[in-house]
Amino acid sequence: MNFLIFNFNLLAYLFMIVLEPIGFVHNACTSSQAPEQIKKEVSEIEILPAYADGLQDIEQSEYLDLIFSFHQEKRTELTTQIRTGETKGIFASRSPRRPNHLGVTTVKLLGREGTKLQVEGLDALNGSPVVDLKYCDTSVFEQAAIHRSIRIDSPRMDLVRHIMQNNTEELLLKAAELHGHICPGLALGIMGATRVMQQLYSQEKDSRDYTLIAEMQNCPVDGVLFITGCTPGTKRFIQRNPENMCFYVLDKTGKGWKVSYKENNREYMNHNLPAGLSPAEKGIALLTLDPEQLFSVEEIQETPAS
Ligand SMILES: [Zn+2]
């Protein structure tokens, strides 16, 4: 153990980094002020003449990432109490008592006069050495915002993608969040409904026009309901004649699909899955079996009699 510690220390020593200030922060902020108070102040960043050429076109950036040294902080703590009273790891906080005492803050660039930049939103104290300054890449936030708006308009987008990619294991894991456990029944429901929805989506139909008639019961129903999105809450779910071991996904005119589970599918499963699997393992392994031995899918032209 000591040997390991020695090696890590040696490694840290070999990779020791020496930082040189490229400039300094000027503002009216002292260590007694709270960070949110400091952020409201306008700060001036004075870049040293040797780095002046590095400021070319900086005015085109609305936001900058500023890396500075917490020059008045000498302590290092690996856990810290944040203002809510919770204890967090230093890397999960913005505390200055960090191993390298470096602060990173995104600031708004208000203006530039030669080598002096006026910025807003900085939480560095007066006199802080600036270590680096860079164009702020906001694309990750923009992507997150786009992704969020797509999810608001089409909350089932990720599911549809998994359905079209036949990613049944991912779908099974997601459905288990609703069902509460992974089991062969849930997997059977997922497999059958995935086949139907692949056909429905490839024909560019709107899944919201369809109703699920489940002539079955128990675990598979949750799998089918999850994949089709036909739930009791959407009023697109009917359950009847559970002994038939089949389900329909039909539009208002009665057209759609019927999935019938094979009577002997249990024997086929027992014969083709290794013995001694837990229900969850069996559910996952089931996804790799031949769907045609488990159920049939047929296209339906009219509503079946109830
Ligand atoms: Zn189950």
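The values are calculated or read from the model by the stated rules, or taken from the named source; none is laboratory data. Since the model is a prediction, treat every value here as computed from it, not as a measurement. Every residue, glycine as well, gets a Cβ built from its backbone with ideal geometry; the counts of neighbours run over all protein chains shown.
Exactly one residue among 227, 213, 238 is among the aliphatic types (A, V, I, L, M), surrounded by fewer than 21 Cβ atoms within 10 Å (Cβ to Cβ) and modelled with pLDDT of 95 or more, and that residue is 238. Return yes or no: is residue 57 assigned by TED's automatic domain parsing to the domain that holds residue 122, surrounded by fewer than 11 Cβ atoms within 10 Å (Cβ to Cβ) and modelled with pLDDT of 95 or more? Answer is no for this residue. Going by what's in this entry, would residue 160 be described as away from the ligand (no atom under 16 Å from the Cβ), more than 21 Å from residue 239 (Cα to Cα) and either in contact with a Leu (Cβ under 7 Å, 6 or more places away or on another chain) or hydrophobic (A, V, I, L, M, F, W, C) (or both)? Yes. Could you please tell me which pairs satisfy a Cβ distance under 7 Å, a separation of 6+ or placement on different chains, a first residue in region 242-268 that is assigned to a loop (DSSP other than H, G, I, E, B) and of a type in the set (Lys, Arg), and a second residue that is modelled with pLDDT of 95 or more and crowded, with 19+ Cβ neighbours inside 10 Å? Note: pairs meeting the criteria are 262/294; 262/295. The criterion of at least 1 residues that are small (Gly, Ala, Ser) is met, among strands (runs of 3 or more DSSP E) falling completely within region 114-219, by 211-215. Scanning region 280-293 for residues that are touching a residue at least 24 places away in the same chain (Cβ under 8 Å) and more than 16 Å from the ligand (Cβ to nearest atom), we see that the one that is surrounded by the fewest Cβ atoms within 10 Å (Cβ to Cβ) is 293. Applying the condition of being in contact (Cβ under 8 Å) with a residue 40 or more places away in the chain and surrounded by fewer than 19 Cβ atoms within 10 Å (Cβ to Cβ) to region 180-206 and asking which residue is farthest from the ligand (Cβ to nearest atom) yields 205. Residue pairs whose Cβ atoms lie under 6 Å apart, sitting 6 or more positions apart in sequence or on different chains, and linking a residue in region 209-231 that is assigned by TED's automatic domain parsing to the domain that holds residue 246 to a partner that is within 16 Å of the ligand (Cβ to nearest atom) and part of a loop (DSSP other than H, G, I, E, B), are 216/245; 219/183. Does residue 195 meet the test of being of a type in the set (D, E, K, R) and farther than 26 Å from residue 278 by Cα? No, not satisfied. If the condition is being among the aliphatic types (A, V, I, L, M) and within 16 Å of the ligand (Cβ to nearest atom), then region 216-241 contributes 216, 221, 224, 225, 227. Here residue 277 meets each of (1) in a helix (DSSP H, G or I); (2) surrounded by fewer than 20 Cβ atoms within 10 Å (Cβ to Cβ); (3) within 16 Å of the ligand (Cβ to nearest atom) with one exception, condition (1). Answer yes if at least one residue in region 36-49 is within 28 Å of residue 139 (Cβ to Cβ), at pLDDT below 90, in contact with a strand residue (DSSP E or B) (Cβ under 9 Å, 6 or more places away or on another chain) and surrounded by 15 or more Cβ atoms within 10 Å (Cβ to Cβ), and no otherwise. Yes, there is a match, as at least one residue in region 36-49 is within 28 Å of residue 139 (Cβ to Cβ), at pLDDT below 90, in contact with a strand residue (DSSP E or B) (Cβ under 9 Å, 6 or more places away or on another chain) and surrounded by 15 or more Cβ atoms within 10 Å (Cβ to Cβ). Out of all the residues in region 138-155, is one or more among the basic types (Lys, Arg) and over 20 Å from the mean Cα position of the chain (by Cα)? Scanning region 138-155, I find no residue that is among the basic types (Lys, Arg) and over 20 Å from the mean Cα position of the chain (by Cα), so the answer is no.
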